[in-house]
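The block underneath contains the structure these notes are about, expressed in structure tokens.
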Amino acid sequence: MNMIHEWNTEATALDQADELRDFRNRFYIPEKNGKQAIYLAGNSLGLQPRMAERIILEELEDWRVFGVEGHMNSRRPWYSYHKQFCEPLAELVGGLPVEVVAMNALTVNLHLMLISFYRPTPTRYKVAILGNEFPSDRYAIESQIRLHGYDPREAMIEFDDMDDDAILRSITVHADTLALVHLSAVHYYTGKFFDVETITHAAHDAGAYVGFDLAHAIGNVELNLHQWNVDYAVWCSYKYLNSGPGSVGGAFIHEKHVGNGNIPRLAGWWGTDEDTRFEMHPSFVPTYGAESWQLSNAPVFSMAAHKASLDIFREAGMKRVSAKRELLTGFAERVILDAIGNRSDIRIITPSNILRRGAQLSLELDTKGNDVYNALIDAGLVVDWRNPNVIRIAPVPLYNTFGDVAVFGEELVRAIT
Ligand SMILES: Cc1ncc(COP(=O)(O)O)c(C=O)c1O
């Protein structure tokens, strides 16, 4: 039990030195067994910012007071509600404000991007994805391949090897027929952060477009999508962005595409030029920017929670969040490695290279994984289980402490002994 004592001592010192430690008070921490839970599931659903309730109530109040006139007269006019997110989201993805938009949900946005960037021809019609990509992305891509009259069994290339070099080799092999490369920037199962920049260059060299799913990346790792020359990206906001279950997602479309009228897109009235939108013209005049991919007017109540969260990110700054994440996840890695000792039936499958991972660590258990998971849950932790045999934990810099990680280590030792 000496190591548990050492973890606790180290955690106390690290928490004291943590300049972001007060941000934890901006969130509600769920309770389990009558006390604050050790919540390590922010990669699944981020916690509620305390300000979310107030901002949602303000929007309800403005609706009550103004009715339809709230579109223009409320404290944050609903007509342009989405615009307040362009700058903070641009900071988080490393893009220009004109390249990002908060809208819809992730899979809907992926379909919108596929309409624009998967434009197969008889010679170039293949899409490359990870063999173990998140199912929603796979379903979306398969259905789009069928929509264009191709057979996914022939038109979909699967990267079986998660290694970046293997992916690059596969892109080269299929260069003549590849129309699109799509993958998660951070993988939901392993927590691996792919080399987005190098993969993007390789896909472009092969003559393909390239896009990323940022569900597990945005608000977790630092991104530089504009400079990396990524064509599109899509995300949800309920994980590291703490904006609430099913809250509004977002999309990035590179500046080089946003003004290109030749790119096909599904159109709706919220994508038209806002100065003339209410003139009700029969013809669609796209507004300049990613906003022209919008279909519908803004879902204000879910965006109110989004605002509460993005305000916190702006104050904390992604650089500081990322610096703490490296320390916190590094500490969690050491604690887990100490806890499992020389056992060969349990291992961390997330890369040990800090450049190739975010907050999440995935623990693979050969046997009794479910028992270990249940023991952790019973002990008051919130972690997550992914079939067939992985426990995922994600210490989140904005609200988790090094102390949380030490408690996790202690309970892990109990659960696996
Ligand atoms: C990697 C990844 N992609 C896509 C989705 C689906 O997101 P949505 O239901 O918001 O479309 C999720 C949901 O957790 C996810 O983790």
Counting DSSP beta bridges with both ends in the chain, the antiparallel % (nearest 5): 55 percent
Could you pull the accessible area for I38 with a 1.4 Å probe, rounded to 10 Å²? 20 Å²
Enumerate the amide H contacts of Y125 below 5 Å, restricted to partners 5 or more residues apart or on another chain; note that Pro and chain-start residues carry no placed amide H. A179
On the full set of protein chains, 1.4 Å probe, figure out the accessible area of K126 and give it in Å² to the nearest 10. 30 Å²
Anyone know which of R392, R119, R357 comes out most mobile in the 10 Å Cα GNM of the chain? R119
Leading residue at positive end of dipole, the stretch 262-417 (Cβ point charges), from I377, V321, A267: V321
Under 5 Å, built H, 5+ apart or other chain: amide partners of T272: T287
Looking at the stretch 90-165 from every direction and averaging, what is the projected area of its Cα convex hull in nm²? 6.6 nm²
Pairing the Cα long axis of helix 402-416 with the longest principal axis of the chain, what angle in degrees results, from 0 to 90 and rounded to the nearest 10? 70 degrees
Using the charge dipole of the stretch 1-120 (Lys, Arg: +1 at Cβ; Asp, Glu: -1 at Cβ; taken about the Cα centre), state which of Y81, H111, G34 has its Cα farthest towards the positive end. H111
Equivalent ellipsoid, the stretch 304-387 (semi-axes from 5 times Cα gyration tensor eigenvalues, Å): 29, 18, 11
Where does the chain land on Rg/Rh, using Cα atoms and the Kirkwood Rh? 0.99
Could you pull out every one of the aspartates and glutamates with an alpha carbon less than 17 Å from that of K256, ignoring same-chain neighbours closer than 8 positions? E99, E197, D205, D231, E291
Rank these residues by their accessible area, most exposed first, probe 1.4 Å: E410, E53. E53, E410
Nonlocal amide H pairs with A105, under 5 Å, H built at 1.01 Å: G249
Measure nothing but the geometry: give the 0 to 90° angle between the long axis through the Cα atoms of 318-340 and the longest principal axis through the Cα atoms of the chain, rounded to 10°. 40 degrees
Between the stretch 25-57 and the stretch 180-258, the alpha-carbon center distance in angstrom: 26 Å
Leaving ligands, DNA and RNA out of it, rank D15, D338, D231 by accessible area with a 1.4 Å probe, largest first. D338, D15, D231
For L45, what accessible surface area do you get with a 1.4 Å probe? Give it in Å², rounded to 10. 60 Å²
Test of understanding: in a Gaussian network model of the chain with alpha carbons linked when under 10 Å, which of A339, A316, A17 would top the mean-square fluctuation ranking? A17
Largest-first ordering by accessible area, 1.4 Å probe, given options W78, W63: W63, W78
Could you work out the relative contact order of the chain? I mean the mean sequence separation of Cα pairs under 8 Å and 6+ apart, divided by the number of residues, in percent. 24 percent
Over the Cα atoms, compute the radius of gyration (one decimal) and Dmax (the largest Cα-Cα distance, rounded to a whole number) for the stretch 357-417, in Å. 11.3, 33
Table column - 3J(HN,Hα) (Hz), the stretch 59-70, Karplus curve with 6.51, -1.76, 1.60, x for Gly and Pro: 5, 5, 5, 5, 5, 4, 7, 9, x, 4, 5, x
Any chance you could give the angle, 0 to 90 degrees and rounded to 10, that helix 106-117 forms with the longest Cα principal axis of the chain? 50 degrees
Put +1 on the Cβ of each Lys and Arg and -1 on the Cβ of each Asp and Glu in the chain; which of F212, V234, T198 then has its Cα farthest toward the positive end of the dipole? V234
Only four residue types carry charge here, +1 at the Cβ of Lys and Arg and -1 at the Cβ of Asp and Glu. Report the dipole size of the chain about the Cα centre in Debye, rounded to the nearest 20. 420 debye
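The values are calculated or read from the model by the stated rules, or taken from the named source; none is laboratory data. Quick caveat: nothing in here was measured; it's all calculated off a predicted structure. Quick reminder, even Gly has a Cβ in these numbers, built from the backbone with ideal geometry, and neighbours come from all protein chains shown. Heavy atoms of the whole protein, side chains included, go into the accessibility calculation; ligands, DNA and RNA do not. Shrake-Rupley method; radii C 1.70, N 1.55, O 1.52, S 1.80 Å.
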